[in-house]
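K.L.:
What follows is a single structure, and I will ask about it in a moment.
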Amino acid sequence: MDEVVISRAIIESYQKDLLEATELDVAVVGAGPAGMVAAYYLARGSVKVAIFERKLSVGGGIWGGGMMFNKIVVQEEGKEILDEFGIASVRYQKGYYVANAVEVASTLCSRAMKAGVSIFNLISVEDVVIREADRVSGLVLNWSPVQMANLHIDPLAIRSRLVIDATGHDAEVCQLVTRKVRGELRTPSGKMAGEKSMWAEVAERETLENTREVYPGLIVAGMSANAVFGSPRMGPIFGGMLLSGKKAAKLAAELLE
Ligand code: 48F
């Protein structure tokens with residue numbers, strides 16, 4: 001085996017994937033449960049989709065379950081999505097099912113990739129591209145270590161017909177839009193309302209309602225949807241995240257038509 005051949009194989013194949021991702025139908029920011037589920041359903045519908053994930057590992061808040069007990073809970077509707085992905089869950093009592101967080105994270109990722117999703121880890125979205133009279137039309141990317149080391153290095157950009165903000169509690173893409181574009185989000189105040197304290201029942205229901213196109217070209221999914229619309233957090237119940245991802249995919253597919 002030749003080290004240089006190994007290196008060339010890695011460089012060429014990565015470059016090919018990244019070049020392919022410079023023109024997308026949908027760019028998903030964040031490989032947590034909402035982002036991976038959204039991308040999975042889009043890819044299954046033959047939509048060209050990629051996920052950009054800041055961290056080394058995908059899965060977002062799944063791995064640690066509740067307070068590092070690596071189990072998650074879903075309700076009846078969430079269990080249907082786990083079933084669809086082939087993820088095992090055990091009935092705890094009526095309406096409550098428990099799944100292994102490691103199996104959830106790894107299977108969502110695996111099934112998304114097998115469906116055709118490209119996942120780029122270690123890449124952070126640091127800005128959006130705005131075109132066509134205030135429409136989000138792409139993302140500005142940089143290596144996460146560049147941000148971490150605070151290096152003064154310019155980013156690169158990709159074009160995408162739609163963007164899904166699945167960045168979790170911080171709703172980073174929506175924050176960028178309000179801060180840098182000074183755009184009015186489609187919230188009552190036009191701004192990010194910020195998430196409220198934990199209330200699982202309400203949060204789970206509202207996550208789904210809050211999964212919408214929040215700015216032209218920008219859909220919000222998962223916990224970021226609640227952060228944007230001022231709904232509560234829900235803790236380690238994940239049905240809302242899975243269902244929100246599925247709804248975001250449906251919405252994106254409709255908008256692409
Ligand atoms: O936080 P995360 O898992 O978001 P989610 O899909 O699910 C929320 C739950 O995990 C949990 C909860 C509910 O049950 O409250 O918190 O809404 O995944 C978000 C991912 O986005 C990445 C981040 O590293 C994480 O993996 N991310 C955040 N900002 C950026 C980003 C960014 N600017 N660029 C790239 N990735």
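The values are calculated or read from the model by the stated rules, or taken from the named source; none is laboratory data. Only a predicted model underlies this, so the values are computations on that prediction, with no experimental measurement involved. So basically every Cβ, Gly included, is an ideal-geometry build from the backbone, and we count neighbours across all protein chains shown. All accessible areas refer to the heavy atoms of the entire protein, side chains included, with ligands and DNA or RNA removed. Shrake-Rupley method; radii C 1.70, N 1.55, O 1.52, S 1.80 Å.
K.L.:
Note down all Cβ pairs under 6 Å where the first residue falls in the range 47-69 and is within 25 Å of Thr22 (Cβ to Cβ), the second is near the ligand (Cβ under 6 Å from one of its atoms) and assigned to a loop (DSSP other than H, G, I, E, B), and they're at least six residues apart or on different chains.
P.N.:
Listed pairs, sorted by first residue: Ile51/Ala31; Glu53/Ala31; Val58/Ala31; Gly60/Gly32.
K.L.:
Report the residue count in the range 54-87 for those that are more than 18 Å from Ala166 (Cβ to Cβ), among the aliphatic types (A, V, I, L, M) and exposed (fewer than 14 other Cβ atoms within 10 Å of the Cβ).
P.N.:
Within the range 54-87, residues that are more than 18 Å from Ala166 (Cβ to Cβ), among the aliphatic types (A, V, I, L, M) and exposed (fewer than 14 other Cβ atoms within 10 Å of the Cβ) number 2.
K.L.:
Within the range 26-54, count every residue that is outside any strand (DSSP E or B), more than 6 Å from the ligand (Cβ to nearest atom) and more than 11 Å from Gly222 (Cβ to Cβ).
P.N.:
To start, the set of residues in the range 26-54 that are outside any strand (DSSP E or B) comprises 30-48, 54.
Pick out the ones that are also more than 6 Å from the ligand (Cβ to nearest atom) and you get 36-48.
Adding the requirement that they be more than 11 Å from Gly222 (Cβ to Cβ) leaves 39-48.
Adding up the residues that qualify gives 10.
K.L.:
Just give me the residues in the range 167-185 being open to solvent by 20 Å² or more (accessible area, probe 1.4 Å), modelled with pLDDT under 95 and not β-branched (Val, Ile, Thr), in sequence order.
P.N.:
Residues satisfying the conditions are Arg179, Lys180, Arg182, Glu184.
K.L.:
Moving to a separate point now. So, in the range 111-154, of the ones that are within 23 Å of Ile10 (Cβ to Cβ) and β-branched (Val, Ile, Thr), which residue ends up farthest from the ligand (Cβ to nearest atom)?
P.N.:
The residue in question is Ile153.
K.L.:
With (1) open to solvent by 10 Å² or more (accessible area, probe 1.4 Å); (2) in contact (Cβ under 8 Å) with a residue 60 or more places away in the chain; (3) not hydroxyl-bearing (Ser, Thr, Tyr) as the list, and Leu19 as the residue in question, which single condition is left unmet?
P.N.:
(2)
K.L.:
Assess whether Met234 counts as being in contact with a helix residue (DSSP H, G or I) (Cβ under 7 Å, 6 or more places away or on another chain) and within 11 Å of the ligand (Cβ to nearest atom). Show your work before the answer.
P.N.:
On the way: in contact with a helix residue (DSSP H, G or I) (Cβ under 7 Å, 6 or more places away or on another chain): yes; within 11 Å of the ligand (Cβ to nearest atom): yes.
Taking the combined requirement at face value, the residue satisfies it.
K.L.:
Could you please give the count of residues in the range 229-244 that are outside any loop (DSSP other than H, G, I, E, B) and in contact (Cβ under 8 Å) with a residue 60 or more places away in the chain? Walk me through how you get there before you give the answer.
P.N.:
Taking the range 229-244 and keeping what is outside any loop (DSSP other than H, G, I, E, B), we get 229, 232, 237, 239-244.
Filter once more, so that each one left must be in contact (Cβ under 8 Å) with a residue 60 or more places away in the chain: 237, 239-244.
Residues in the range 229-244 being outside any loop (DSSP other than H, G, I, E, B) and in contact (Cβ under 8 Å) with a residue 60 or more places away in the chain: 7 in total.
K.L.:
Pick out the one residue from Val102, Val26, Val90 that is without any contact (Cβ under 8 Å) to a residue 12 or more places away in the chain and either open to solvent by 10 Å² or more (accessible area, probe 1.4 Å) or touching a strand residue (DSSP E or B) at 6+ places or on another chain (Cβ under 8 Å) (or both).
P.N.:
Values: Val102 fails: without any contact (Cβ under 8 Å) to a residue 12 or more places away in the chain; Val26 fails: without any contact (Cβ under 8 Å) to a residue 12 or more places away in the chain.
After applying the criteria, what remains is Val90.
K.L.:
In addition: Would you please name the residue that is most open to solvent (accessible area, probe 1.4 Å), looking only at residues in the range 29-53 that are within 18 Å of Arg161 (Cβ to Cβ) and of a type in the set (Gly, Ala, Ser)? Walk me through it before giving the result.
P.N.:
Narrowing the range 29-53 to residues within 18 Å of Arg161 (Cβ to Cβ): 29, 35, 38-39, 41-52.
Subsequent filtering for residues that are of a type in the set (Gly, Ala, Ser) retains 35, 38-39, 43, 45-46, 50.
Details: Gly35: 0, Ala38: 0, Ala39: 0, Ala43: 13, Gly45: 52, Ser46: 104, Ala50: 1 Å².
My answer is Ser46.
K.L.:
Separate question: Modelled with pLDDT of 95 or more, open to solvent by less than 70 Å² (accessible area, probe 1.4 Å), of a type in the set (S, T, N, Q) and assigned to a helix (DSSP H, G or I): is that true of Thr207 in this structure? First the steps, then the outcome.
P.N.:
Working: modelled with pLDDT of 95 or more: yes; open to solvent by less than 70 Å² (accessible area, probe 1.4 Å): yes; of a type in the set (S, T, N, Q): yes; assigned to a helix (DSSP H, G or I): yes.
Criteria met by Thr207.
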